[in-house]
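Below is one structure, written out as structure tokens, with a few remarks after it.
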Amino acid sequence: MSAEREIPPSIKQRIARLQQLQQTLNVIIVERQRLEAELIEMKDALEELQKSPDDVMVYKAVGPILVQSDKQKLVEELNEKRELTETRLKLLEKQEQRTRSQLESLQKELQQALSGSSAS
């Protein structure tokens, strides 16, 4: 008698959904960590730019090369990029909370279903 045959299809579907949610959560967490690191880099760069004189020669990376840029323009670009990244980070955090909530809810459902089916 195999345990595989004893699991009802509805529970198998919930288990598959649970695994899917776990994978989604992992992807969200990795992306959130990447955005957080990117945000730290931007803030550090902005801080360094603020310390430097206005007439300093600055460069920005464009693909594999560095291109000379105007300090004020670069500060504006970095501030805009920082704001966009912060917005994306907030959205990801909300998505992470939603996914965690769905995951917890589904885990409880499965535990109840499994304990109910094993009691029968």
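Some notes on this structure:
- Just so you know, in the stretch 35-90 the residues that are assigned to a helix (DSSP H, G or I) and among the small types (Gly, Ala, Ser) include one that is surrounded by the fewest Cβ atoms within 10 Å (Cβ to Cβ), and it is Ala37.
- Number of the condition not met by Arg32 [criteria: (1) in contact with a Ser or Thr (Cβ under 7 Å, 6 or more places away or on another chain); (2) assigned to a helix (DSSP H, G or I)]: (1)
- Cβ-Cβ distances below 8 Å connect the following pairs, each with a first residue in the stretch 13-27 that is in a helix (DSSP H, G or I), a second residue that is of a type in the set (Asp, Glu), and a separation of six or more residues or different chains: Arg14/Glu109; Leu25/Glu96.
- Ala113, sole failed condition from (1) closer than 16 Å to Glu36 by Cβ; (2) of a type in the set (A, V, I, L, M); (3) in contact (Cβ under 8 Å) with a residue 24 or more places away in the chain: (1)
- Any hit, the stretch 92-113, residues being surrounded by 14 or more Cβ atoms within 10 Å (Cβ to Cβ) and touching an Asp or Glu at 6+ places or on another chain (Cβ under 8 Å): yes
- Residue in the stretch 14-23 that is touching a helix residue (DSSP H, G or I) at 6+ places or on another chain (Cβ under 8 Å) and farther than 30 Å from Gln102 by Cβ present: no
- The stretch 47-61 residues that are under 15 Å from Glu76 (Cα atoms) and modelled with pLDDT under 90, paired with ones that are assigned to a loop (DSSP other than H, G, I, E, B) and not aliphatic (A, V, I, L, M) (beta carbon under 7 Å, 6 or more apart): none
The values are calculated or read from the model by the stated rules, or taken from the named source; none is laboratory data. Just so it is clear, the structure is predicted and the values come from calculations on it, not from any experiment. Note that each Cβ is placed from the backbone with ideal geometry, even for glycine, and that neighbours are counted across all protein chains shown.
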